[in-house]
Structure formats: structure tokens, C-alpha cells
Amino acid sequence: MTTAEQPRFRRLPPEERRQEIVAAAARLALDGGLEAVTYRSVAEALGCARGLVHHYFGSVESLEAEAFTAAVATDLDDSFRRAEDQPGTVAALAHLLGHWVSEDPEPHKTLWLDAWCQAMRKPGIRQAVDHAMRASHDRLLALLQRGVDAGDFTHPDLAALAWQLLTALDGLIVHSSIGVNRGIVDVRATITRSAETSLGLKAGALSL
């Protein structure tokens, strides 16, 4: 009898292969941070040679940046998709804040904190972080504008308000990821009440 041959690594079109590499890198980043993303770790996750990963990404930094971008974009899309399924913009914003505002550490939040730290010395990651933060602002601003158009919200400067809300959430990510300042205030109630006041909503309108 002959020994059964091991299945060969399947061929894919270049763009599909690249997407597969990025997806594997994103999973590694969520599990172990950006430092877990290496040519070796991604190759092992896919069962391919390191040279194949290097062929698509000329530096580990570019691979880390793509991994971060893919991970946070997926989370952002999922968050807004769930929010937009809600009946109206008030419910949508309430759902979004309920999802975002938590004092518990979570993989996507920890990855954000890791990327902020790495961005100080890695230009590729800094660019990816800037792009992701601007995308978050654009998506939140669009939701707030729909609320104004529907007569649900009032505010003279929605771009500034979106920035203020995201800045508060960024601070919460830092605190929750390293476990500091816990229990000082009810964080969810504080942020939602601030948003309610800013948007001309009654108290409790954004509470889940």
C-alpha cells in the first residue's frame, strides 16, 4: 500500500490569497495583539510557506497595518449594521452606544490600544489608525445627520459632537483595557446622558 499523500496547499487568485492572509493576520492580532502578527505566525495559521506571505507583504509593519484595518473595519461594519436594524435613529444610537460603552476589556478595544501605542513609532500603523478613526467619525456623523433630518436630533455642529463622543469612547478604551478608574462613575449613564443633552433628547432616551 502506498502512503496517502498530504493535501496540497490550494491555489487561489492573487486577490483572494491576499484577503486570506489578511484575515489570518487579523485573527492573530485580535488574539495576541499586533506583535503576534509575523510572517511565521501567519504562514503557520494558513499552512503555507513564509515566503508566500512575504510575497504579498514586503514588511511586517504593512501586514500589521492591514491586520488592524481588517479587524476594526469588520467590527465597525457589524456595529453599524446592528444599529441600523433598529427602528429609528434614536434606537440606532442607543444600540450603538450600548455596544460601545463598556468598562470590560474586549479584543477589539485592546487591539485599538495596541495600535495607538505602535502608531507612535510605526508610520504604516499610524496611517491605518488615522484612516480607521476617520471612518468611525464619518459613520457616526452620518447616523447623527439622519437623526437631524428625521427631526429626532438637534445640534448646531454634528461633526464636533461625533468627535466628542468618539473621544470619550477612546478614553474609555484606554481605561477598560488596563483596568483603571473602574467604578468611579456609571460610565454608560454618564456618556449616554451627555449625548441626550447634546442632541435635545429626554433623559433616558438613549438608555437600553
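What whole number of Å gives the distance from the Cα centroid of region 157-208 to the Cα centroid of region 100-144?
A separation of 16 Å, based on Cα centres.
Roughly speaking, to the nearest percent, how much of the chain's 1.4 Å accessible area is carbon and sulfur?
54
Once percent of Cα pairs over 30 Å apart is worked out from the coordinates, which option in (1) 34; (2) 28; (3) 25 does it equal?
Given (1) 34; (2) 28; (3) 25, the structure-derived one carries the label (1).
Per the Cauchy relation, a quarter of the hull surface: what is the mean projected area of the convex hull of the alpha carbons in region 83-148, in nm²?
Taking the Cα atoms of region 83-148, their convex hull projects to 5.1 nm² on average.
Write down the radius of gyration of region 1-90 and its Dmax, each obtained from C-alpha positions, in Å.
17.1, 68
Got a sec to turn the phi values of region 48-61 into Karplus ³J(HN,Hα) couplings, 6.51 cos²θ - 1.76 cosθ + 1.60 with θ = phi - 60°, whole Hz, x for Gly and Pro?
10, 7, 4, x, 5, 5, 4, 4, 8, 9, x, 9, 5, 4
Count the net charge of all other residues whose Cβ sits under 15 Å from the Cβ of Ala203, scoring Lys and Arg as +1 and Asp and Glu as -1.
Summing Lys/Arg as +1 and Asp/Glu as -1 gives +1.
Counting only heavy atoms of the protein chains, get the accessible area per residue of region 69-208 (1.4 Å probe) and round it to a whole Å² value.
With the other protein chains kept in place, region 69-208 gives 52 Å² per residue.
Name the residue from His155, Val180, Gly200 whose Cα lies farthest towards the positive end of the charge dipole of region 149-208, charges +1 on Cβ of Lys and Arg and -1 on Cβ of Asp and Glu.
Val180
I'd like to know how region 28-78 sits against the 2.2 N^0.38 Å rule of thumb: what's its Cα Rg over that expected value?
Relative to the 2.2 N^0.38 Å estimate, region 28-78 comes out at 1.13.
The values are calculated or read from the model by the stated rules, or taken from the named source; none is laboratory data. These figures come from a predicted structure and were not determined experimentally. Don't worry about glycine lacking a Cβ; one is built from the backbone with ideal geometry, like all the others, and counts go over all protein chains shown. Remember, those area values only see protein heavy atoms, side chains included, never the ligands or the DNA or RNA. Shrake-Rupley method; radii C 1.70, N 1.55, O 1.52, S 1.80 Å.
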